[in-house]
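The values are calculated or read from the model by the stated rules, or taken from the named source; none is laboratory data. Values in this document were obtained by computation on a predicted structure and should not be read as measured data. Cβ sites come from the backbone with ideal geometry, for glycine too, and all protein chains shown count toward neighbours. What goes into the accessible areas is simple: the full protein's heavy atoms, side chains included, and nothing from ligands, DNA or RNA. Shrake-Rupley method; radii C 1.70, N 1.55, O 1.52, S 1.80 Å.
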2 protein chains.
Amino acid sequence: MTDERVQALVDDVEPLDGTAMREARERQSQLTKPAGALGVLEETSVQLAGITRACPPPALRRPVVAVFAGDHGVHAQGVTPWPQEVTASMVANFRAGGAAVNVLARQVGAEVVVVDMGVAADLEPGPGLLDRKVRRGTADLAVGPAMTVAEAVTAILAGADVARDLVAQGHDCLLTGDMGIANTTPCAALVAAFTGEPPERVTGRGTGVDDATLARKVEVVEAALAQRPVGDDPVRTLASLGGFEHAALVGFLLAGAALRVPVVLDGVVSGAAALVAAALAPEAAGHWLAGHRSVEPGHTVALASLGMRPLVDLDLRLGEGTGAVLAFPLVESAGALLREMATFDSAGVAQKDAT
Amino acid sequence: MTDERVQALVDDVEPLDGTAMREARERQSQLTKPAGALGVLEETSVQLAGITRACPPPALRRPVVAVFAGDHGVHAQGVTPWPQEVTASMVANFRAGGAAVNVLARQVGAEVVVVDMGVAADLEPGPGLLDRKVRRGTADLAVGPAMTVAEAVTAILAGADVARDLVAQGHDCLLTGDMGIANTTPCAALVAAFTGEPPERVTGRGTGVDDATLARKVEVVEAALAQRPVGDDPVRTLASLGGFEHAALVGFLLAGAALRVPVVLDGVVSGAAALVAAALAPEAAGHWLAGHRSVEPGHTVALASLGMRPLVDLDLRLGEGTGAVLAFPLVESAGALLREMATFDSAGVAQKDAT
């Protein structure tokens with residue numbers, strides 16, 4: 001039984017606009033190029049028309065990347081060689097503009113907003129940080145549920161609020177990001193839970209852990225799934241296995257869809273959250289674009305399950321939103337082609353001979 | 001025996017700067033991210049340092065895409081359903097700003113320059129068009145050499161001149177482009193000639209031709225290679241099988257390397273030209289980046305032969321420079337990361353525990 005406030009988020013999601021998509025396909029066929037020659041960009045332009053309910057889709061002038069940060073009780077299991085305090089120092093790095101996501105965001109004119117969902121430290125209040133801390137880190141998913149269902153709901157609603165606030169401020173494209181030392185272990189657990197794939201197929205090296213640590217991660221995920229079998233309630237599964245940043249992303253993705261704003265997904269954390277959100281609201285998924293494919297194996301499994309093809313595929317495994325931000329110019333270019341290209345008629349270009 | 005002016009282009013090419021590349025690798029290891037987490041972008045940043053002889057590499061602020069246009073005598077063999085006049089109308093479309101490459105170039109702030117290397121029509125002089133026409137279309141490669149060696153040399157030198165002029169004007173990144181109805185047939189012939197792969201493996205559907213036309217293309221390439229076996233002289237092979245736009249691109253690629261300017265390659269036409277240029281000057285290839293992989297099978301073979309991994313892989317098959325322009329932000333982002341990211345020391349971020 002889904003919490004009624006989460007159900008309201010789900011109920012606000014509507015299907016893509018079929019009329020705008022048909023118009024976009026028809027327009028693509030008139031542009032000065034062989035049919036299909038722009039490949040994935042043509043499909044992306046049609047999707048943008050469907051999301052924004054407009055053909056051609058409007059220019060996306062104010063992208064923003066929301067970096068949801070949280071810590072993880074499962075860190076105690078030795079699933080990563082990085083100290084937990086790095087989550088808080090990286091939040092400071094984001095706020096100072098020195099992290100990879102900041103550099104990439106400057107390149108494409110995107111704003112960066114950091115949301116503290118559950119960092120295990122007291123962060124200094126101030127600009128560039130939204131305090132939506134649920135708790136100082138989740139509980140250890142190896143020994144019990146990572147959070148209560150009530151906490152999961154709180155985090156989902158917080159993520160939805162962030163999406164609504166950003167769109168109300170004029171942002172027209174939402175990019176997902178995350179930060180949380182140890183967060184690829186809950187990712188693997190969520191992907192295994194929502195796709196039914198065995199843990200060893202969806203658990204990866206995260207920041208680049210060694211074989212022993214990888215084996216430990218797989219054991220932890222197997223134990224959690226054995227101890228708390230997956231049921232029918234996506235929010236309960238999220239609470240059992242996920243992180244606060246995953247939960248916030250679920251709300252962010254649902255609200256983005258309801259707001260009819262394109263959402264560009266980053267890597268495996270966003271992919272795991274997308275599986276949860278799509279389980280709640282299958283029609284929401286059409287509003288999301290896979291920014292990239294990370295090297296984390298669970299991400300490939302998640303994208304396949306969601307039926308998404310990534311725009312960028314360059315062996316990144318950093319998170320933060322880096323893959324989403326890199327993909328943004330490709331998304332915007334797809335829309336621009338539909339808006340700005342000449343047609344065969346307008347340019348006086350002959351078409352191919354009928355065959 | 002290579003023409004002495006072409007040999008001079010080859011002699012001007014120097015190896016990448018190993019010192020700058022070592023500095024770039026060392027700097028990558030200090031940036032606030034797990035080692036290797038930025039994947040291909042890290043390798044690209046090292047390559048940019050090697051090309052520009054500077055660590056970090058300078059920002060690329062004035063990209064330009066040169067669209068080399070030419071017609072092809074092999075059009076008479078029925079290798080495409082598109083009328084030859086489309087080459088000239090698309091040149092007009094480029095000049096009017098309505099083609100896909102124009103739209104994408106505006107997105108990334110790149111200038112578009114069109115170079116008439118051999119369009120089979122008289123083009124109106126004026127802004128945005130460089131007249132370097134060698135002849136009104138090549139001869140039919142199915143029945144004899146496409147051009148004389150002297151014509152190939154003229155076209156190579158013209159392409160090199162274009163690169164030098166653009167760099168003298170302040171452009172700091174060269175993107176390749178092409179336009180020429182029927183030009184995937186000479187591409188297939190060149191890729192087969194320079195890689196030794198059989199024609200049926202490297203000949204594709206170009207704009208999307210049907211099975212019968214594809215079979216015709218393969219026959220044409222097989223016949224040309226049987227009639228005029230490939231020898232040791234890359235320029236003679238180019239003259240036998242290529243187009244004027246391919247020849248110009250060979251000079252453009254060699255001069256770009258000699259000028260130490262990053263050159264981003266578009267699709268199969270650029271890939272075929274790169275095989276010729278690399279056969280002349282193997283050290284030039286390190287100065288080029290594969291912008292994308294097209295669906296044309298000869299392009300995948302060419303990239304593998306050149307040892308290049310494409311930055312964008314989205315089933316494009318349009319040419320014009322579209323894939324190179326789409327990749328430009330990824331190239332520039334790679335350099336920006338090396339220039340702008342904080343280090344562990346500067347940001348006060350802890351590193352992972354020694355293992």
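Here are the numbers for the structure shown:
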{"quantity": "Failed condition for residue B:125, given (1) assigned to a helix (DSSP H, G or I); (2) surrounded by fewer than 17 Cβ atoms within 10 Å (Cβ to Cβ)", "calculated": "(1)"}
{"quantity": "Qualifying residue in the range A:77-91 (condition: within 21 Å of residue A:110 (Cα to Cα) and modelled with pLDDT of 95 or more)", "calculated": "yes"}
{"quantity": "Conditions (1) over 30 Å from residue B:341 (Cβ atoms); (2) open to solvent by 20 Å² or more (accessible area, probe 1.4 Å); (3) within 14 Å of chain A (Cβ to nearest Cβ): number failed by residue B:86", "calculated": "(2)"}
{"quantity": "Cβ-Cβ under 9 Å pairs, at least 6 apart or on other chains, the range A:10-24 side open to solvent by less than 20 Å² (accessible area, probe 1.4 Å), far side β-branched (Val, Ile, Thr) and part of a helix (DSSP H, G or I)", "calculated": "A:20/A:46; A:20/A:51; A:20/A:52; A:24/A:46"}
{"quantity": "Subset of the range B:310-329 that is among the aliphatic types (A, V, I, L, M) and closer than 21 Å to residue B:56 by Cβ - its residue that is nearest to the other protein chains (Cβ to nearest Cβ)", "calculated": "B:311"}
{"quantity": "Meets criteria (closer than 27 Å to residue B:264 by Cα, open to solvent by less than 10 Å² (accessible area, probe 1.4 Å) and part of a loop (DSSP other than H, G, I, E, B)) for residue B:204", "calculated": "yes"}
{"quantity": "Which listed residue is within 25 Å of residue A:200 (Cβ to Cβ), among the charged types (D, E, K, R) and touching a residue at least 24 places away in the same chain (Cβ under 8 Å), from A:245, A:283", "calculated": "A:245"}
{"quantity": "Boolean, residue B:80 is polar (S, T, N, Q) and open to solvent by less than 10 Å² (accessible area, probe 1.4 Å)", "calculated": "no"}
{"quantity": "Hey, residue B:117 more than 14 Å from chain A (Cβ to nearest Cβ) and of a type outside the set (Gly, Ala, Ser) or not", "calculated": "yes"}
{"quantity": "Hits in the range B:200-236 - residues which are hydroxyl-bearing (Ser, Thr, Tyr) and within 21 Å of residue B:275 (Cα to Cα)", "calculated": "B:203"}
{"quantity": "Pairs with Cβ under 8 Å, 6+ apart, first in the range B:182-198 and touching a residue at least 12 places away in the same chain (Cβ under 8 Å), second of a type in the set (Asp, Glu)", "calculated": "B:182/B:71; B:183/B:245; B:184/B:296; B:187/B:296; B:191/B:197"}
{"quantity": "Complete set of residues in the range B:330-355 that are more than 8 Å from chain A (Cβ to nearest Cβ), β-branched (Val, Ile, Thr) and under 17 Å from residue A:94 (Cα atoms)", "calculated": "B:343"}
{"quantity": "Considering residues of the range A:135-171 that are part of a loop (DSSP other than H, G, I, E, B) and open to solvent by 40 Å² or more (accessible area, probe 1.4 Å) only, the residue farthest from residue A:328 (Cα to Cα)", "calculated": "A:143"}
{"quantity": "Residue A:96 vs. criteria more than 14 Å from every other protein chain (Cβ to nearest Cβ), free of Cβ contacts under 8 Å to residues at least 40 places away in the same chain and surrounded by fewer than 18 Cβ atoms within 10 Å (Cβ to Cβ)", "calculated": "no"}
{"quantity": "Per-region count, the range B:44-74, residues in contact (Cβ under 8 Å) with a residue 60 or more places away in the chain and either surrounded by fewer than 18 Cβ atoms within 10 Å (Cβ to Cβ) or within 12 Å of chain A (Cβ to nearest Cβ) (or both)", "calculated": "9"}
{"quantity": "Wholly within the range A:277-355, helices (runs of 4 or more DSSP H) carrying at least 2 residues that are touching a helix residue (DSSP H, G or I) at 6+ places or on another chain (Cβ under 7 Å) and open to solvent by 10 Å² or more (accessible area, probe 1.4 Å)", "calculated": "A:297-306, A:322-340"}
